[in-house]
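Student: One structure is given below, represented as structure tokens, and several questions about it will come after.
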Amino acid sequence: MTAVSLGSLLYEGKAKRVFQTSTADVVAVEFKDDATAFNALKKAQLEGKGTLNCQISALLFEHLERQGVPTHYLGLIEPNWMAVRPVRVIPLEVVIRNRAAGSLCKQMPIAAGTLIDPPLLDLYYKDDAFGDPLLTDARLDRLQLVTAEQRQQLETLAHQVNLSLKELFASIDLDLVDFKIELGFTADGSLVVADEISPDTCRLWDQRTTDPTARILDKDRFRQDLGQVVESYGEVHKRVQGGCPQPRIYG
Ligand code: UDP
């Protein structure tokens, strides 16, 4: 690692490790090859996934940055390592749905693939011990994770991310079905998009085929045992690379 020297491990999640660095306002994120689904009931090692997710996230963060959406991203350190600003992550999973899929179809009568316009924004409480439950307005108030103003701000930012990514993906023949983002506050109190944006956190359907299985290029390939997981992430990477400049190297 050239530009930064690693300090202690701050946090280890299912797909990433976060380390302190020798620079106080920079942390390093390592993207692992571990794949998990269904609250870690299903696990595997997928060689190359960490690097692909890191590279895709870097390209998407830089795209968002160019569109005026603030993120924690600073630059790449190694193929599967990224430098980011330290952020106090709000324990909310902010999901935006442009088409019905996944849990939505299990929880209400809506056929998979139904277009949702305007997009639906769902907030989940990020806590594995509770199984990341969908929140109601009353429960969100009760949890006091954000003020009403901050909630407004985070929902506006999430819709901006959706517009910006939907357009980018459409330009490379990918349909952004839904995605999850996490947001947090930097030391100066500004709200930024954190975590990652990758085929682990987005549903992406290939518009170049109508085959309902072949079109899936995201983590549903792992969840549903469809095979070709890393190859599909590789296809997403190849297309995103075609639509964006090379990601910058930190330092
Ligand atoms: N998602 C995620 N992390 C989670 C839950 C969901 O990244 O812990 C993403 C998921 O990949 C999809 C979107 O959020 O792109 C909506 O997921 P959904 O609520 O349909 O749940 P799932 O079907 O993943 O259980």
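Student: Using label points projected 7 Å from each Cα along Cα→Cβ, tell me how many nm separate I249 and D34, to one decimal.
Tutor: Result for the modelled spin labels: 3.0 nm.
Student: Let me ask something additional. Can you give the helix-only mean residue ellipticity at 222 nm for the chain, where every DSSP H stretch with n ≥ 4 adds -39500 (n - 2.57) and the sum goes over all residues, rounded to the nearest 500 deg cm²/dmol? Working shown, then result.
Tutor: Numbers: 6 runs with 73 residues, N = 251.
Calculated mean residue ellipticity at 222 nm is -9000 deg cm²/dmol.
Student: Then there is this: Using R₀ = 25 Å, calculate the FRET efficiency as 1/(1 + (r/R₀)^6) where r is the Cβ-Cβ separation of L46 and V18; round to 0.05.
Tutor: On the way: r = 20 Å, r/R0 = 0.81.
So, using R0 = 25 Å, E works out to roughly 0.75.
Student: Follow-up. Using modelled amide H (1.01 Å from N, peptide plane; none on Pro or chain starts), what sits under 5 Å from the amide H of I116, excluding residues fewer than 5 places away?
Tutor: Residues meeting the amide H criterion: R99, A100.
Student: What percent antiparallel are the DSSP beta bridges of the chain, to the nearest 5? Don't skip to the end; give the middle numbers.
Tutor: Values: 45 of 47 bridges.
Counting DSSP beta bridges with both partners in the chain, the antiparallel share is about 95 percent.
Student: Report L154's accessible area, 1.4 Å probe, all protein chains in place, as a number in Å² to the nearest 10.
Tutor: 0
Student: Okay, moving on. Each residue of the stretch 183-192 in order: what ³J(HN,Hα) in whole Hz does its phi give by Karplus 6.51 cos²θ - 1.76 cosθ + 1.60, θ = phi - 60°, with x for Gly and Pro?
Tutor: Result, ordered by residue: 10, x, 9, 7, 4, 7, x, 8, 8, 9 Hz.
Student: What residue among A111, A170, A214 shows peak mean-square fluctuation when the chain is described by a Gaussian network model with Cα springs under 10 Å?
Tutor: A111
Student: Another question about this same structure. Taking the chain as a Gaussian network, Cα atoms linked when under 10 Å apart, which of Q152, Q107, Q67 shows the biggest mean-square fluctuation?
Tutor: Looking only at Q152, Q107, Q67, the biggest GNM fluctuation is shown by Q107.
Student: Using Cα-Cα distances under 8 Å and only pairs 6 or more residues apart, what relative contact order does the stretch 105-194 have, in percent?
Tutor: Values: 42 pairs, mean separation 12.4, N = 90.
That works out to 14 percent.
Student: Next question, about the same structure. Which log10 I(q)/I(0) values does the chain give at q = 0.09, 0.13, 0.15, 0.16 Å⁻¹ under the Debye formula, counting every alpha carbon as one identical point scatterer?
Tutor: Those come out to -0.37, -0.82, -1.13, -1.31, one per q.
Student: Whole-Hz ³J(HN,Hα) for each residue in the stretch 90-98, computed from phi via Karplus 6.51 cos²θ - 1.76 cosθ + 1.60 with θ = phi - 60°, x for glycine and proline: what do you get?
Tutor: Once θ is set to phi - 60°, the couplings for the stretch 90-98 become 6, x, 10, 9, 9, 10, 10, 10, 9 Hz.
Student: In whole percent, and with a 1.4 Å probe on the protein chains, what portion of the accessible area of the chain is carbon and sulfur? Before the final figure, lay out each step's value.
Tutor: Details: 6120 of 11970 Å².
Whole-percent figure for carbon plus sulfur exposure: 51.
Student: Further question on the same structure: Report ³J(HN,Hα) in whole Hz for each residue of the stretch 20-30, in order, from the Karplus equation J = 6.51 cos²θ - 1.76 cosθ + 1.60 where θ = phi - 60°; Gly and Pro get x.
Tutor: Karplus values, whole Hz, x for Gly and Pro: 5, 10, 5, 9, 4, 9, 9, 10, 10, 10, 9.
Student: Quick query: amide H of Y73 versus all other amide H atoms, modeled in the peptide plane; which residues come in under 5 Å with a sequence gap of 5 or more or a different chain?
Tutor: Here R85 satisfy the definition.
Student: What residues qualify as long-range amide H neighbours of L92, i.e. H under 5 Å apart, gap of 5 or more or another chain, H built at 1.01 Å from N?
Tutor: K126, L183
The values are calculated or read from the model by the stated rules, or taken from the named source; none is laboratory data. The structure displayed is predicted, hence computed values, not measured ones. Neighbour counts run over all protein chains shown; Cβ positions are idealised from the backbone, glycine included. Accessible surface areas use protein heavy atoms only, side chains included; no ligands, DNA or RNA. Shrake-Rupley method; radii C 1.70, N 1.55, O 1.52, S 1.80 Å.
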